Amino acid sequence: MLRRGVSDRMFEAGIYIILSALIVVTVYPMLHVIFASISDPTYVISHRGMIWKPQGINFEAYKSVFANKAILNGYRNTIFIVVFGVIVNLLLTAMGAYVLSRKDVLWNKAFMLFIVLTMFFNGGLIPFYLVVKEAGLLDSLWAPIIPFAINTFNLIIMRTSFKAIPDSLEESAKIDGANHFVILFRIIIPLSMPIIAVMTLYYAVEKWNGWFYSSIFIKDRELFPLQLILREILIANSTDGMTSGASAGEMFQIGETIKYATIVVSTLPILCVYPFLQKYFVKGVMVGALKG
């Protein structure tokens, strides 16, 4: 066994110190928001600086958040956008990546060139809005879904993953009479679960956090996704509907904790998705695919 020198130990200690600092910088902002959301409103208003632990446990902010109809409607709309959006995204991205990853497709390189060009050039926001309007998607929950059915960057990533799968698998399937849909859904996708999991997470986070295009295409408040409601609360300071029955001072105090509670409520679900997908991130695409 090789003995480590002083310089190696110092280097390793430095790495641990840097990683620990990164963990604190990454995790603490979320802990600050959680601590503030369950602390006494008076303490949150009067306190300056970092909050290292909850002070005077108080869950009134969460009661007010879940009693707000707009928040519940926002959750419902966002869940619809995320679920159906991810399904559409994965289906079309996988089909497009499969076609572009096949070597015998006519004009494959030309198609890929045109697709890549869309990453650098677009028609602008006004033409985009007019297209969505003419498609009849305004004031519809499909507005944040259909126009964004395929992300070019994700398509390229998935195409690269599909190209890494040996051609022998496809050839064997064709000999057995399989068509392209069978090859895609019963061979390619099962062998590409790590990249599918990554794409699922990417698309889900994109849909969950999306608010800009929803604010442009959706004007009906009943169809607002959760992030638009959160934007109103944080930027427009719109917490009046959740502090009814309180005096002006109490409304201001609990309004501050409501902002923190709303951030937690809107962020926590997407954070809970990652542990279920984490195992796929470390698996190889072809683990166990070939024998011998």
Yes/no for Ser172 being among the small types (Gly, Ala, Ser), crowded, with 20+ Cβ neighbours inside 10 Å and either on the phi > 0 side of the Ramachandran plot or at pLDDT below 90 (or both): no
Extreme residue, nearest to Thr93 (Cα to Cα), among residues of segment 158-182 that are among the aliphatic types (A, V, I, L, M) and touching a residue at least 24 places away in the same chain (Cβ under 8 Å): Met158
Within segment 16-64, tally of residues that are in a helix (DSSP H, G or I), β-branched (Val, Ile, Thr), modelled with pLDDT of 80 or more and over 24 Å from the mean Cα position of the chain (by Cα): 2
Within segment 233-252, considering residues that are surrounded by fewer than 17 Cβ atoms within 10 Å (Cβ to Cβ) and within 28 Å of Val82 (Cα to Cα), the one modelled with the lowest pLDDT: Gly241
All positions within segment 104-138 that are farther than 17 Å from Phe148 by Cβ and surrounded by 13 or more Cβ atoms within 10 Å (Cβ to Cβ): Val105, Asn108, Phe111, Met112, Val116
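The values are calculated or read from the model by the stated rules, or taken from the named source; none is laboratory data. Remember, it's a predicted structure, so these values are computed and weren't measured experimentally. Don't worry about glycine lacking a Cβ; one is built from the backbone with ideal geometry, like all the others, and counts go over all protein chains shown.
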